[in-house]
Amino acid sequence: MTTRPGASPTGASRARRTGRETLPDRVVDFLDSIDTPLTTYHLLASVTAALTIVGLVMYLSASSIRSYDLFLRQLLFAGIGLVLCVIASRLPVRLWKRLAWPGILLSITLQGLIFVPGLGQEFQGNRNWIQVAGVQLQPSEFAKIAIVVFGAAILDRKKDRLADFWHAVIPLGPVAVLLLGLQLAGNDLGTGLVLLAIVAGMLFAAGVSARFFGIAGLLGVAAVTVMTFTSRNRLGRIDAWIGDGCATNFDLCRQVVNGKYALAEGGWWGKGLGESAEKWGWLSESRNDFIFAIIGEELGLPGTLTVLLLLALLAYACYRLVFRSSDFFVRIASAGVLTWLVVQASINIGAVTGLLPVIGVPLPLISGGGTALISTLTALGMLMAFAREEPGAREARSLRRSRPARDARPRIDR
């Protein structure tokens, strides 16, 4: 092993020669050995599969008290999502760029359909569903991947002019405001916050001036404040979070209180898979937004830490794509998906643990909801397609395909 330029003479290579290699040196050597051009792709594929399986298992546990049909429907959506994930992982980057405008126009059209009488559906005060052939879909979930692809394509086309404020804003800004307006018109503030975060993450990764973030941040805070103070439901959630709303109206706190009970009852090691008590009517959203509490109750601290670790590995894989790819479009799109997953997971887990008010967004790949699962799997399939084009990845795949042919040749004993 050759010593890296600038490495200390007492590093891992010298330790190996002297026979005094330490544990940190071995860890570094191991990480170096698994850091290949295909590491990001394998990490994305394996962690996505693991989180999807965990989500299905926990959804089965949380929904089995009502009907197994709920799980079969979620399993069907997972199958559709995995098929789309595989297809997306095989699409070339140039095709993703071409899908930018058709995708965003389709997303805006679908989001507008929620206001069509008889087609749009309202649930828990939010009008963000459409019903087609007896199946309910949430267009806002498709809006997330649409804004990622559209924003990355626009910023890639203008990458040499992003220092100009108006080039950075047009047309991404108006399109994002239109999508956000449709979300807020349906009272879906949670998805609106995620969309804002996605756009901000992509602009940050593109190197847009800090002045833009200052202006956009003020406008965003003003919009959220107006949406909060004009909604009795949202004010109640804020009061339940940091006020004394629980003392006057326990229904406002029922979800959060029972979610904390579930985590507390799970203790260190959990009560066992399928043994949750809170899912028996106490925690009404046990298979959706509050499924993390059921994981803590049944699988304990190891279960919750495993989910957090898998989510962290998924974020790390996205981070690798941002910094390893030489394609500006890939870097911006990867930053958008990274922001999407991290912000959404943080909001969900923060609400379950009481660190944030209940906003109502699913835990990626874990919570119930077919549309959310399909859109997330498709977005991760897109990232797998990007990872297959990392520097050196194409050569590594070619070498892997040719290796079995070489190994199959007969050996001649001399």
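The values are calculated or read from the model by the stated rules, or taken from the named source; none is laboratory data. What you are looking at is a predicted structure, and each value in this text was computed from that prediction instead of being measured. Note that we place each Cβ from the backbone using ideal geometry, even for glycine, and neighbour counts take in every protein chain shown. Ligands, DNA and RNA are stripped out before the accessible areas are found, and what is left, the full protein with its side chains, is counted by its heavy atoms. Shrake-Rupley method; radii C 1.70, N 1.55, O 1.52, S 1.80 Å.
Accessible area of region 36-182 with a 1.4 Å probe: how many percent of it is carbon plus sulfur?
69
Restricting attention to the alpha-carbon atoms of region 131-202, what are Rg (one decimal) and Dmax (integer), both in Å?
In Å, with Rg to one decimal and Dmax whole: 13.9, 48.
In whole Hz, with x marking every Gly and Pro, tabulate ³J(HN,Hα) for region 376-385 from phi via Karplus 6.51 cos²θ - 1.76 cosθ + 1.60, θ = phi - 60°.
5, 5, 5, 4, 5, x, 4, 5, 5, 4
Determine the relative contact order of region 149-222: mean sequence separation of Cα pairs under 8 Å and six or more apart, normalised by residue count, in whole percent.
Computed over region 149-222, the figure is 34 percent.
Rounded, prolate or oblate, given the Cα gyration tensor of region 87-174, with a/c below 1.5 counting as rounded?
Here region 87-174 falls in the oblate category.
Using θ = phi - 60° and the Karplus curve 6.51 cos²θ - 1.76 cosθ + 1.60, what whole-Hz ³J(HN,Hα) does each residue of region 167-177 get, with Gly and Pro shown as x?
Running phi through 6.51 cos²θ - 1.76 cosθ + 1.60 with θ = phi - 60° gives 5, 6, 8, 9, x, 4, x, x, 5, 5, 5 Hz.
Compute the distance from the alpha-carbon center of region 96-131 to that of region 257-282, in whole Å.
With region 96-131 and region 257-282 each reduced to a Cα centre, they are spaced 36 Å.
Normalised by the number of residues in region 313-388, what is the relative contact order in percent for Cα pairs under 8 Å and 6+ residues apart?
Relative contact order comes out at 23 percent.
Among 48-54, 152-158, 265-271, how do they line up from the highest to the lowest mean number of other beta-carbon atoms within 10 Å?
152-158, 48-54, 265-271
For region 131-142, just list the computed ³J(HN,Hα) in residue order, Karplus coefficients 6.51, -1.76 and 1.60, θ = phi - 60°, integers in Hz, with x standing in for Gly and Pro.
Per-residue couplings from phi come out as 10, 10, 6, x, 10, 8, 10, 10, x, 4, 5, 6 Hz.
Counting only residues 5 or more places away or on other chains, whose amide H sits under 5 Å from the amide H of Trp129 once H atoms are built in the peptide plane?
Close amide H contacts, sequence-distant or interchain: Gln121.
To the nearest 10 square angstrom, what accessible area does Leu184 show with a 1.4 Å probe?
Counting only protein heavy atoms, Leu184 exposes about 40 Å² to solvent.
If I ignore ligands, DNA and RNA and count only protein heavy atoms, how much of Phe323 is accessible to a 1.4 Å probe, in Å² to the nearest 10?
Near enough 140 Å² of accessible area.
Using 1/(1 + (r/R0)^6) with R0 = 60 angstrom and r between the beta carbons of Thr22 and Arg98, what's the FRET efficiency to the nearest 0.05?
For Thr22 and Arg98, the calculated efficiency is 0.70.
At 1.4 Å probe size, put Ser284, Ser46 in order of accessible surface, largest to smallest.
Ser46, Ser284
Would you mind putting 210-217, 87-94 in packing order, based on average other-beta-carbon counts within 10 Å, highest first?
Per-residue Cβ counts within 10 Å, averaged per peptide and sorted highest first, yield 87-94, 210-217.
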